[in-house]
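Worksheet for the structure shown next.
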Amino acid sequence: MNKFSEFAVEEVQFAGDKVSIDKLVNIPIIVKDYRINESKYKKTNADKCMTIQFEYPDTEGLNHVVFTGSMVLISQCDKYKEKMPFETTIIKINKYFSFS
C-alpha cells in the first residue's frame with residue numbers, strides 16, 4: 001500500500017512575518033526564495049503575484065515574506081534564480097520596483 005508522504009508533493013508555505021514592499025524600499029535584504037502564483041488581488045492589472053522569502057542581513061535565519069505584482073521584480077527573480085540567495089536593495093523608480 002502507498003503512503004501519502006511517498007507520492008504527494010505539497011508546496012510548503014513560506015514562513016515569516018509579512019512585510020509591505022513599501023517598507024523595504026532602500027533597505028538591504030537577502031532574497032532567499034520566491035514563488036509566482038496567479039494574483040488574487042484584482043484591483044490592479046497584475047495577473048501574477050510573487051511571494052519573496054527574505055531576511056535582513058543583520059538577522060540571519062529570521063525569515064520574512066513580501067508579496068508583489070511587480071513585473072520587473074518577477075522578471076529579475078526568474079532571470080537570476082540560480083544566484084539565490086543574494087543580497088539586494090529594492091528601489092522604486094516612478095511607479096516601478098526593481099532590485100539594485
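A short reminder: the numbers here are calculations on the coordinates, not readings from a lab. It should be emphasised that the depicted structure is a prediction, and the values quoted were computed from it without experimental measurement. Reconstructed Cβ throughout: ideal geometry from the backbone, glycine too, with neighbour counts over all protein chains shown.
Check the straight Cα-Cα distances from Lys18 and name the aspartates and glutamates below 15 Å, setting aside those fewer than 8 residues away within the same chain.
Answer for Lys18, where 15 Å is the Cα cut-off: Asp33, Glu55, listed by chain and number.
To the nearest 0.05, how large is the calculated FRET efficiency for Tyr80 and Thr59 if R₀ is 25 Å and r is the Cβ-Cβ distance?
For R0 = 25 Å, the calculated efficiency reads 0.65.
Only helical DSSP H runs with n ≥ 4 go in: add -39500 (n - 2.57) per run for the chain, normalise by residue count and round the 222 nm mean residue ellipticity to 500 deg cm²/dmol.
-3000 deg cm²/dmol
What trypsin sites (Lys or Arg not before Pro) does region 1-96 have in DSSP loop regions with at most 14 other beta carbons within 10 Å?
In loop regions of region 1-96 (DSSP not H, G, I, E or B), the sparsely surrounded trypsin sites (Lys or Arg not before Pro) are Lys3, Lys40, Lys42, Lys43, Lys95.
Under a plain spin-label model, where a point goes 7 Å from the Cα along Cα-to-Cβ, how far apart in nm are Lys48 and Glu6?
Inter-label distance under the simple model: 3.7 nm.
Run the Debye formula on the Cα coordinates of the chain, all scatterers equal and no solvent, and tell me log10 I(q)/I(0) at q = 0.17, 0.20, 0.23 1/Å.
Taken in order of the listed q values, log10 I(q)/I(0) reads -0.78, -1.03, -1.31.
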